[in-house]
1. Suppose the filter is on the phi > 0 side of the Ramachandran plot, touching a residue at least 60 places away in the same chain (Cβ under 8 Å), surrounded by 13 or more Cβ atoms within 10 Å (Cβ to Cβ) and not small (G, A, S); does M358 pass it?
2. Name the single residue, out of those in region 77-101 being in contact with a Pro (Cβ under 9 Å, 6 or more places away or on another chain) and not charged (D, E, K, R), that is modelled with the highest pLDDT.
3. Would you point out which residue out of A262, A322 is in contact with an Asp or Glu (Cβ under 7 Å, 6 or more places away or on another chain) and surrounded by 20 or more Cβ atoms within 10 Å (Cβ to Cβ)?
4. When you look at S6, is it in contact with a Phe, Trp or Tyr (Cβ under 9 Å, 6 or more places away or on another chain), loosely packed, with under 14 Cβ neighbours inside 10 Å and of a type in the set (S, T, Y), yes or no?
5. Are there any pairs, at least 6 apart or on different chains, whose C-beta atoms fall under 8 Å, with the first in region 145-160 and in contact (Cβ under 8 Å) with a residue 60 or more places away in the chain and the second charged (D, E, K, R) and surrounded by 10 or more Cβ atoms within 10 Å (Cβ to Cβ), and if so, which?
6. F43 versus (1) surrounded by fewer than 19 Cβ atoms within 10 Å (Cβ to Cβ); (2) in contact (Cβ under 8 Å) with a residue 24 or more places away in the chain; (3) out of contact with any Pro (no Cβ under 6 Å at 6 or more places or on another chain): which is the lone unmet condition?
7. Can you tell which of V276, V338, V284 is assigned by TED's automatic domain parsing to the domain that holds E392, in a helix (DSSP H, G or I) and closer than 17 Å to V427 by Cα?
8. Might you check whether a residue that is in contact (Cβ under 8 Å) with a residue 24 or more places away in the chain, under 27 Å from T407 (Cα atoms) and of a type in the set (A, V, I, L, M, F, W, C) occurs anywhere in region 14-27?
Amino acid sequence: MSKQPSYKTFIENKQYQNIFSTEITDIWQKKGICRLKGDLITFEVTGLLIFRGKFLMIFPKSYELPTTEIDIRKHIEVLTKVLIKYKNEAVLDPIESELLGGENGENIKNLITTYHLIQDFTQNGYLIKETFIKSTNYSGKVDWPTTIKKKQPVFSERSVVYVDPIFQKKVIDQQNLLIKLHKFCIYKSIEEFGWLLGISSDFVEPVNNLISNYDLNFLINFLTRELNNTFVEREIKVINLLIQYISGMTPENPEEKLETLATPYFQNVWETMCSVNFKNQYHVLKQIIPKLNWEIDSNATVQLQRPDLMILRDKTLYILDAKYYNIEKNLPGWSDIVKQLFYAYTIYSNIQSNKNLMPHLKLNNITRVYNAFLFPSSESEAINYAGKVEVEGNNQLGNIKAFRINTFLMMKCYIGIEKFSYINNFVKASNEIT
């Protein structure tokens, strides 16, 4: 039967009654995971914390959790997979990398190691080691060297006959220690972390506690020898993961170790998800962004304009800014507004003044630039108009529309378990807003 996990859920940047010991909150504060105010605690990261066998899942700002446990666990699974995908694909700074499980090779028996073990297993199954059994009881290919050596022939006229030849049969060696270790680590990985990835421990047969029969150093040395004796790419990958997993199975207080799969910069995750799901064309369109011309005696690097998302549809250029705000409590300020308006004004002016700019895109057909903020939301609609902002007394600059984007659907589409045409639906929604 599947082991029932012990977990609690929280929302980033929301205050809660502090129910945790000073021992763990001191660690969390040093790592920038939380802040304390009196007897209240606020988490400053989004993601997963594991300590003493308990799982704490901190959801993004503006998130609303469902009411049933089965649905909550689905949301936990989706967020876990989002953070793993983001970790594997994004360029991370050292602080974020550490909180997201560390660099490759440092993932000692943690969620990242088990994720890669489970992912490989679901795609390829267990490792296979084959051996040969020789017997007169099998049929198939005759092992002539062994037959000639061990059996007496029968001479018949001019021929030699072996009436009971020895046959050779290739079978899977179930007792091979590498295979047994792989099965054990897969079972323990799924038992401990499978629920986070939507996999029940019922998915695999239980195995005995193999580790209790061996010294850990012996097992690591054994795996190292196996690693040095194989040239099979998959075996190399799996054995390295097994070494990481078993290296982390220290007998001294294994539950005292804090594990994290979290980020203090979920705004980067939000921007990444928006870029992927809206099919960002920035790298194609960045040439239409005007450059700054400094007339100054300096070799300093000039920071470029960089809108989050640029998308060209029909005769409209969409310039979108993925904003990780809880708009019930906070809104973008002057610098964000002016920057977004400036993007639209300067880019459109550049297109109008340079008719030969990227002619294959027919930019001279563009009749408008559409500016919008994309905010995370728990509202049921995938895309929902929230309002607009403009600079008082400067109507010529236009305005910036604001849209709420359902976070859960955004995450599901990002990891590929659901499909939704964001840009087509956004174009439709934006055309309805005057």
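The values are calculated or read from the model by the stated rules, or taken from the named source; none is laboratory data. All figures in this text were calculated on a predicted structure; none of them were measured in a lab. Using ideal geometry, Cβ is built from the backbone for each residue, glycine included, and neighbour counts are taken over all protein chains shown.
1. Spelling it out, M358 is indeed on the phi > 0 side of the Ramachandran plot, touching a residue at least 60 places away in the same chain (Cβ under 8 Å), surrounded by 13 or more Cβ atoms within 10 Å (Cβ to Cβ) and not small (G, A, S).
2. L79
3. From the options A262, A322, the qualifying one is A322.
4. Working: in contact with a Phe, Trp or Tyr (Cβ under 9 Å, 6 or more places away or on another chain): yes; loosely packed, with under 14 Cβ neighbours inside 10 Å: yes; of a type in the set (S, T, Y): yes.
So S6 fits the description; yes.
5. Qualifying pairs under 8 Å: none.
6. Condition (1) is where F43 drops out.
7. Criteria check complete, one pass: V276.
8. We begin by selecting, within region 14-27, every residue in contact (Cβ under 8 Å) with a residue 24 or more places away in the chain; these are 14-17, 24, 27.
Going one step further and asking which of them are under 27 Å from T407 (Cα atoms), we end up with 14-17.
This time we only want the ones that are of a type in the set (A, V, I, L, M, F, W, C), so: none.
No, the conditions are met nowhere in region 14-27.
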